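So the structure is just underneath, and the comments pick up after that.
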Amino acid sequence: MRIVVVAGQARKVGKTSVMTALIRATRRLNWVAVKISTHEGPAPQGIRPNGIHGAGDTRFELTEAKEASPFTDTGRYLAAGARRAFWLRARPDGLKDGVAALLAAIGNDPNVMIESGSVLSILKPEVTILVVDRKRREVKPSFRRALTGADAVVHVASVGSNSAGSSPFPSSARRFVVARHNWYDTELGQFVLHRFRRTQDA
């Protein structure tokens, strides 16, 4: 199983948009796409139709989306061309078991893309992509931890600009730029495909 993780500097920075653009551009890889949300308190009790649940474990809930939709992140993954899409909601103390349930549900699917920063404490992906916007001041703790191991940093440029300017987040990772009217960078897609080929050839 080859894994790409897309993490973000803060909420609403553009992680889902970057991820769906990348799925759409590399859809021949038949991605399994995953959103992981962590929160305090018990996970929702209800089991959605066609969903998967952690055997009565209220520390997490795992559901599989079945329909493409512009109104949910997992629906957007499917609309972009993902073969399957999951949503894992977990308390911090249930994340590890939730990820184990997720991997069991994914099974033998070879290519997985995960929108999450917290999962980096559990999994070591082939490619870690960080999405940043230098105009945003908020920074997730998981993002700062991820910076040291990032493979790519995607800067969200201002409207009407193709440059993100200097970054307040120094990193040795490859740097890419996207704009809010065009979330895809061709070189980013090629970078991911190259890393996957290198893994396959190893």
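The values are calculated or read from the model by the stated rules, or taken from the named source; none is laboratory data. This one's a predicted model, so the numbers in the text were calculated from it and none came from an experiment. Cβ sites come from the backbone with ideal geometry, for glycine too, and all protein chains shown count toward neighbours.
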inquiry  = For a quick check of your reading of the model, give me the residue pairs whose first member lies in the range 6-18 and is crowded, with 24+ Cβ neighbours inside 10 Å, whose second is of a type outside the set (A, V, I, L, M) and assigned to a helix (DSSP H, G or I), with beta-carbon atoms closer than 8 Å and at least 6 apart or on different chains.
reply    = Val6/Lys15; Ala7/Lys15; Ala7/Ser142; Ala7/Phe143; Gly8/Lys15; Gly8/Phe143; Gln9/Phe143
message = Just the residues that are more than 9 Å from the chain's Cα centre (by Cα) and hydroxyl-bearing (Ser, Thr, Tyr), please, taken from the range 6-29.
response = Ser17, Thr20, Thr26
message = Against the definition (under 16 Å from Leu29 (Cα atoms) and buried (at least 16 other Cβ atoms within 10 Å of the Cβ)), how does Ala79 come out, yes or no?
response = yes
key: Condition check for Glu67: charged (D, E, K, R) and modelled with pLDDT of 85 or more   = yes
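Hey, can you tell me all the residues within the range 90-115 that are out of contact with any Asp or Glu (no Cβ under 9 Å at 6 or more places or on another chain) and surrounded by fewer than 23 Cβ atoms within 10 Å (Cβ to Cβ)? Talk me through it step by step, then tell me what you get.
Residues of the range 90-115 out of contact with any Asp or Glu (no Cβ under 9 Å at 6 or more places or on another chain): 93, 95-96, 99-100, 102-104, 106-114.
Once the filter is applied, which keeps residues that are out of contact with any Asp or Glu (no Cβ under 9 Å at 6 or more places or on another chain) and surrounded by fewer than 23 Cβ atoms within 10 Å (Cβ to Cβ), the range 90-115 yields Asp93, Leu95, Lys96, Ala100, Leu103, Ala104, Ile106, Gly107, Asn108, Asp109, Pro110, Asn111.
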query = So which of Leu130, Leu147 ends up being over 24 Å from Arg28 (Cβ atoms) and free of Cβ contacts under 8 Å to residues at least 60 places away in the same chain?
reply = Leu147
key: Candidate set: the range 116-161, residues that are hydroxyl-bearing (Ser, Thr, Tyr) and farther than 16 Å from Val177 by Cα; chosen: the one surrounded by the fewest Cβ atoms within 10 Å (Cβ to Cβ)   = Thr148
request  = Restrict the check to the range 28-37 and report whether at least one residue is on the phi > 0 side of the Ramachandran plot and at pLDDT 90 or above.
outcome  = yes
remark   = Within the range 19-42, of all residues that are among the basic types (Lys, Arg) and out of contact with any Leu (no Cβ under 8 Å at 6 or more places or on another chain), the one surrounded by the fewest Cβ atoms within 10 Å (Cβ to Cβ) is Arg28
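Listed here are the residues, each with its yes/no results for (1) over 26 Å from Arg180 (Cα atoms); (2) assigned to a loop (DSSP other than H, G, I, E, B); (3) under 16 Å from the mean Cα position of the chain (by Cα); (4) at pLDDT 90 or above.
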residue: Ile47; (1), (2), (3), (4): yes, yes, no, no
residue: Thr58; (1), (2), (3), (4): yes, yes, no, no
residue: Glu61; (1), (2), (3), (4): yes, no, no, no
residue: Leu88; (1), (2), (3), (4): yes, no, yes, yes
residue: Ala100; (1), (2), (3), (4): yes, no, no, yes
